[in-house]
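The values are calculated or read from the model by the stated rules, or taken from the named source; none is laboratory data. All figures in this text were calculated on a predicted structure; none of them were measured in a lab. Heads up, the Cβs are rebuilt from the backbone with ideal geometry, glycines too, and the neighbour counts pull from every protein chain shown. Accessible surface is based on the protein model in full, side chains and every heavy atom, while ligands, DNA and RNA are left aside. Shrake-Rupley method; radii C 1.70, N 1.55, O 1.52, S 1.80 Å.
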Amino acid sequence: ALLALRGRLCVPSETFREKSPFWQLHGISEDDVQSIMSRTVCGKSAFELWGYGKTAAELKSSLMEYPTEKAAPFLHKESTYKINVYTFNKTLVFKDRIEKIDALGYLPFQGKVSLKNPDHIFCLLEDYGLDPNNIPEEPFHVYFGRWIADGQRELIRSHSVKKRHFIGNTSMDAGLSFIMANHAKVKPHDLVYDPFVGTGSLLVACSHFGAYVCGTDIDYNTIHGVGKASRKNQKWRGPDENIRANLRQYGTEGFYVDVMVSDASKPVWRKGALFDAIITDPPYGIRESTRRTGSHKETVSPPADFSGESHVPVSMAYHLSDIFADLLNFAAHHLVMGGRLVYWLPVYRPEYCEEMVPLHPCLSLISNCEQTLSSHTSRRLITMEKIKEPEKSDDLAQLADPCFSPYQGHNSFREKYFSGITKKNGKGNDRNPTNESDGC
């Protein structure tokens, strides 16, 4: 997604391994890398790869083949440098690190070493696999390259919900919020909408990237920041605990459009493409109930003199299958062309299959990533992009094609979730199962 913002494609190397901590990419410039690392919270660091191998001998052979004209600007006598050693899944003592740096003496560095303020930083990276219980003596892969940039993992700490002014039971983790914003390709001056805004964690992440943000939620107390607090040792929310205060905390209040109490199942927006991105985490029925306004009873009109000032709307169950169908339909009508919808889809892992992911004729599925919540449940981060405007024929296609029909199995997620907890904890165990996952 971050490469797509620069009009680039991800071209992995022939040896690319998705689960490896080290990825090799081709066809991107240093400017591309700087742009990616200025936003990502997943990548730790990026390097210009000079050589690699499975052994020290293979690494030396690969480094000797690196073009001299590319290396020369960083090796001349006027420059200063230092070499770091990074290992994955193994800790080396200082003596071993020095020995590995000394073993690189064949590299034609002509400048002076500067540990405090070098012009260039080089890194030796060693991969000892993924199993912490079976760490090999020698690394599986060794890489050497020039450091270009670090990622933005500091954002996870600085935007932690533990330090946030206004939080709720389902406030989205800071790291996941930034990942969702990146999946949606949020950029400056975009208008981003969250139909299940809650305490606004996703709005905080999107505003960090310069987007204007707004949202709705059916919960009056959450939108207005009133009622019982979610923090320990605090009974009631304070007078300035609200979504706007969260953006003010991070210096992005200028990007706050507004939030309002609204039912996601009811049309309240004017027709037309309004939003550059829709990012949300719908309620799953675990920590927060899935409700919408309405009643199974026969509708009765209010008296003619009713002012509505004390009216509290009646709510009814809002099935997960209907939530996702409404969400996709809303995105198809209100996203700009090329705009993205990013949301979480809860699934019962033993029954999961790709056919469970909701589809729409106007939206193309871009990615589907899993976050495991427990042995039996997970949630999928679904990213979709609008590829065409809605037409009347799309309504017929949704009725005729089974792949566009709402998957009714989503409606029993709550029962399956608690059924799995009961089996895990043992019959009759009364422990609260809702702490199993974050954001349910």
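Could you pull out every residue, at least 5 positions away or on a different chain, whose amide H is within less than 5 Å of the one on Leu363? Hs are placed 1.01 Å off N in the peptide plane, and Pro or chain starts have none.
For Leu363, the qualifying residues are Ile387.
Under a Cβ-only charge scheme (Lys and Arg +1, Asp and Glu -1), can you give me the dipole magnitude of the range 1-101 about the Cα centre, in debye to the nearest 20?
Values: 15 positive and 12 negative charges, 90 e Å.
Dipole of the range 1-101, to the nearest 20 debye: 440 debye.
How many angstrom lie between the Cα centre of the range 231-249 and the Cα centre of the range 1-70?
43 Å
With a ≥ b ≥ c the root eigenvalues of the C-alpha gyration tensor of the range 201-272, is it rounded (a/c under 1.5), prolate (a/b larger than b/c) or oblate?
Oblate is the answer for the range 201-272, as a/c is 1.5 or above yet b/c matches or exceeds a/b.
Let a ≥ b ≥ c be the square roots of the eigenvalues of the Cα gyration tensor of the range 10-130; is it rounded (a/c under 1.5), or, if not, prolate (a/b larger than b/c) or oblate?
Taking the square roots of the gyration eigenvalues as a ≥ b ≥ c, the range 10-130 is rounded.
Express the accessible area of the chain per residue in Å², computed with a 1.4 Å probe while the remaining protein chains stay in the model.
On the way: 24130 Å² over 440 residues.
With the other protein chains kept in place, the chain gives 55 Å² per residue.
Over the chain, what is the relative contact order in whole percent, taking alpha-carbon pairs under 8 Å and six or more residues apart?
12 percent
With r defined as the distance between the Cβ atoms of His26 and Ile121 and R0 fixed at 25 Å, what FRET efficiency is calculated, to the nearest 0.05?
Efficiency for this residue pair is about 0.65.
For the range 26-92, state which trypsin sites (Lys or Arg not before Pro) are in a DSSP loop and have at most 13 other beta carbons lying within 10 Å of their beta carbon.
Here the trypsin sites (Lys or Arg not before Pro) that fit, given the DSSP loop and packing criteria, are Lys44, Lys54, Lys77.
Of the peptides 273-280, 240-247, how do they stack up when ordered by the mean number of other Cβ atoms within 10 Å, highest first?
Going by the mean number of other Cβ atoms within 10 Å, highest first, we get 273-280, 240-247.
Under a GNM of the chain (C-alpha, springs under 10 Å), which listed residue has the highest mean-square fluctuation: Arg270, Arg380, Arg349?
Result for the chain, Cα springs under 10 Å: Arg270 fluctuates most.
Calculated from DSSP H runs of 4 or more alone, at -39500 (n - 2.57) each and per residue, what is the 222 nm mean residue ellipticity of the chain, nearest 500?
-6500 deg cm²/dmol
Would you mind calculating the gained length between Ile135 and Ser13 on full extension (0.36 nm times residue separation, minus the Cα-Cα distance), in nm to one decimal?
Computed gain between Ile135 and Ser13 is 41.4 nm.
So which aspartates and glutamates can Lys100 reach, going by Cα to Cα under 18 Å and dropping same-chain residues fewer than 8 places off?
Output for Lys100: Glu58, Glu126, Asp127, Glu137, Glu138.
Evaluate E = 1/(1 + (r/R0)^6) for Ser158 and Glu69, where r is the Cβ-Cβ distance and R0 equals 45 Å; express this FRET efficiency to the nearest 0.05.
With R0 = 45 Å, the Cβ-Cβ based efficiency is 0.65.
Among Tyr81, Tyr212, Tyr250, which one shows the biggest mean-square fluctuation in a GNM of the chain, springs joining Cα atoms closer than 10 Å?
Between Tyr81, Tyr212, Tyr250, it is Tyr81 that shows the largest mean-square fluctuation.
Normalised radius of gyration for the range 318-424, please: alpha carbon Rg relative to 2.2 N^0.38 Å, two decimal places.
Cα-based Rg divided by the globular estimate yields 1.13.
Using 0.36 nm per residue of separation minus the Cα-Cα distance, give me the extension gain between His224 and Lys271 in nm, one decimal.
14.2 nm
Which of the following values of percent of Cα pairs over 34 Å apart was calculated from the structure shown: (1) 55; (2) 42; (3) 45?
(3)
From the phi of every residue in the range 163-178, what ³J(HN,Hα) in whole Hz does the Karplus formula 6.51 cos²θ - 1.76 cosθ + 1.60 yield, where θ is phi - 60° and glycine or proline is x?
Taking θ as phi minus 60°, the curve returns 9, 7, 5, 10, 9, x, 5, 10, 4, 5, 3, 4, x, 5, 4, 5 Hz for the range 163-178.
Take each of the peptides 97-107, 330-340, average the number of other beta-carbon atoms within 10 Å over its residues, and list them starting from the highest.
Highest-to-lowest ranking by the protection proxy: 330-340, 97-107.
Output the Cα-based Rg and Dmax of the range 106-265 in Å, rounding Rg to one decimal and Dmax to a whole number.
Taking only Cα atoms of the range 106-265, I get Rg and Dmax of 22.1, 68 Å.
Antiparallel as a % of all DSSP beta bridges within the chain, to the nearest 5?
Antiparallel bridges make up about 60 percent of those DSSP assigns within the chain.
When the dipole is taken about the Cα centre of the chain, and only Lys, Arg (+1) and Asp, Glu (-1) are charged at their Cβ, what size is it in debye, to the nearest 20?
That gives a dipole near 1220 debye.
Which GluC sites (Glu not before Pro) in the range 20-77 sit in a loop by DSSP (not H, G, I, E or B) and have at most 16 other Cβ atoms within 10 Å of their own Cβ?
Answer by residue number: Glu65.
Run through the range 125-187 and list the GluC sites (Glu not before Pro) located in a DSSP loop whose Cβ has at most 10 other Cβ atoms within 10 Å.
Loop-located and lightly packed - Glu137.
Between His76 and Ala57, with labels modelled 7 Å along Cα→Cβ, what's the label distance in nm to one decimal, could you check?
So the two model labels end up 3.7 nm from each other.
In nm, to one decimal, how far is the modelled label at Met260 from the one at Ile148, with both set 7 Å along Cα→Cβ?
Using points 7 Å along Cα→Cβ, the separation is 4.5 nm.
Please list, or write none, the aspartates and glutamates whose alpha carbon is within less than 16 Å of the alpha carbon of Lys266, excluding same-chain residues fewer than 8 places away.
Asp194, Asp217, Asp219, Asp322, Asp326
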